[in-house]
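The values are calculated or read from the model by the stated rules, or taken from the named source; none is laboratory data. The structure presented is a predicted model; accordingly, all values stated were derived computationally and were not measured. Positions of Cβ are generated from backbone atoms using ideal geometry, with glycine treated the same way; all protein chains shown enter the neighbour counts. Accessible surface is based on the protein model in full, side chains and every heavy atom, while ligands, DNA and RNA are left aside. Shrake-Rupley method; radii C 1.70, N 1.55, O 1.52, S 1.80 Å.
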Amino acid sequence: MDDRTYTADAAPGGTVTVAGWVHEIRDLGGIAFVILRDTTGRIQVKFEKEEMDDDLVETGLGLSRESVVSVTGDVEEEPRAPTGVEITPESVEVLSAADTELPLDPTGKVDAELPTRLDNRTLDLRREAGQAIFSIRGEILRAVREAFREANATEINTSKIVATGTEGGTELFPITYFGREAFMNQSPQLFKQLAAGSNLERVFETGPIFRAEEHNTPRHLNEATSIDFEGAFCDDDDAMEICESIVVAAYEGVAENCADELEALGIDEEFTVPERPFPRLSYEETIERINALGVLDDQLVWGDDLPTEGETALGADVGRHYFITDWPAEVKPFYIMDHDDDEALSTGFDLMHPRMELVSGGQREHRYEKLIEGLEAQGLDPEAFEYYTRAFRYGMPPHAGWAIGGERLIMTMLELDNIREAVLFPRDRQRLSP
Ligand code: ATP
Ligand code: MG
């Protein structure tokens, strides 16, 4: 449609053709208004029944909500119209008529349940808030890419069909690969390390990860978007600094370019870019602080996972993003390096938002013998990982990296209650389509 004008650009004094959805029809008797919506906003189309051609009035007032139409007419100033202008139509063309019964109300006046919304996602995302979330998601990906490039990292894409898992066997989705067992990748971990060991040195990827999580929770998906970084000649401190800079870049991009979207979500006033550096607590300090908060029935001891209630209480106490460092080696995966002076302590770290974990990372074990020992210590078969470990025999530099859960970043930034709000077509225990 070459001659189409966006509703936001329709200025008084000319003839335009606008196209979009019928948002609302207000029939006041002698006069009726059709509110037309497109991606940039809304415009009022005025039908004066007595003065206009009968066919035109009939077409205009016979429109069903959410039908797609194109309207040609003069734009005039009208202070009482929502955007200060209105169109007096010369012609109305129906491009696609909508059923009169809609499964949900895209004006957002009537709330719908999340499953109904997800079943009708196209309609659902015609609501302002839905459009805002996905505009912001796009901005976050743009800002993050730019920040990675400034950090000299090259964008890569790794395979999603793999021979082994990395983060524990129970969360794997098996598939059949020409008669052999294969899996959907849980994380690009091993592949991004192999890429960092090449002359690329610093790499990043934003792509899907697949986790066969058994439970439906508000912060777990079965297919999520991971924002991954891996850098040669980086240690855990370097990796944490880069991680902070990427998270802050995402917030800055949204603060600079998404004012309208933040307003549509009702969070424009409280939106703030987190300040660097983020505080760092060792795992030991973390469990001491959680114990001191007195929210758990049993005191935490060294080696325990952090229960959600403990994480939430500590998050409220810290009140901002913070790192948990120096985790017990036994709770971190085999590829994480331990501290040289204390093998019970790993270089693994997590970045926490007050509400939940956002990132896991660490320095990686780059010494071949230690890597094999680590695999064996976790009951994994080094033979099965030979495709990965062989590169460590041909000059693997020290390296470190991390993974941000993309949807968790969006969810925490935008104060969403459920992670599914941040995904177009979420995959969970019940949901495989659309
Ligand atoms: P959690 O303990 O919260 O389930 P995890 O420690 O198992 O997360 P990692 O393997 O550390 O997850 O993955 C790195 C990041 O990817 C996490 O910090 C999180 O932000 C995100 N992530 C992991 N699993 C999921 C999931 N099932 N759904 C959404 N995001 C996820
Ligand atoms: Mg983790």
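Which trypsin sites (Lys or Arg not before Pro) in the range 101-135 sit in a loop by DSSP (not H, G, I, E or B) and have at most 15 other Cβ atoms within 10 Å of their own Cβ?
Lys109
How much of Trp21 can a 1.4 Å solvent probe reach, expressed as accessible area in Å² and rounded to 10?
Looks like 80 Å² after rounding.
What shape does the range 175-294 have by the C-alpha gyration tensor, where a ≥ b ≥ c are the square roots of the eigenvalues, rounded means a/c under 1.5, and otherwise prolate means a/b greater than b/c and oblate the rest?
Rounded, since a/c falls under 1.5.
First check a/c for the range 7-96, with a ≥ b ≥ c the square roots of the eigenvalues of its C-alpha gyration tensor; if it is under 1.5, answer rounded, and if not, answer prolate when a/b is larger than b/c or oblate otherwise.
rounded
What accessible area, in Å² to the nearest ten, does a 1.4 Å probe give for Ser433?
Accessible surface of Ser433 is approximately 80 Å².
Helix 308-318 versus the longest principal axis of the chain: what angle, 0 to 90°, nearest 10, using Cα atoms?
Tilt of helix 308-318: around 80 degrees.
Given the -39500 (n - 2.57) contribution per DSSP H run of 4+ residues, what per-residue ellipticity at 222 nm results for the chain, rounded to the nearest 500 deg cm²/dmol?
That comes out to -8000 deg cm²/dmol.
In bins 20 Å wide, starting from 0, what share of all Cα pairs of the chain does each bin hold, as a percent?
P(r) over the chain, rounded to whole percents: 22, 45, 24, 9, 0.
Pull out a ≥ b ≥ c, the square roots of the eigenvalues of the alpha-carbon gyration tensor of the range 156-232, then state rounded if a/c is under 1.5, prolate if not and a/b is larger than b/c, and oblate in the remaining case.
Oblate is the answer for the range 156-232, as a/c is 1.5 or above yet b/c matches or exceeds a/b.
Under a Cβ-only charge scheme (Lys and Arg +1, Asp and Glu -1), can you give me the dipole magnitude of the chain about the Cα centre, in debye to the nearest 20?
Around 1000 debye, computed over the chain.
To the nearest 10 degrees, how steeply does helix 236-257 sit against the main Cα axis of the chain, on a 0 to 90 scale?
Once rounded, the angle reads 10 degrees.
Show me the GluC sites (Glu not before Pro) within the range 187-278 that DSSP assigns to loop and that have at most 16 other Cβ atoms within 10 Å of their Cβ.
Glu213, Glu214, Glu269, Glu270, Glu275
Largest first, what is the accessible-area ranking of Asp53, Asp350 with a 1.4 Å probe?
Asp53, Asp350
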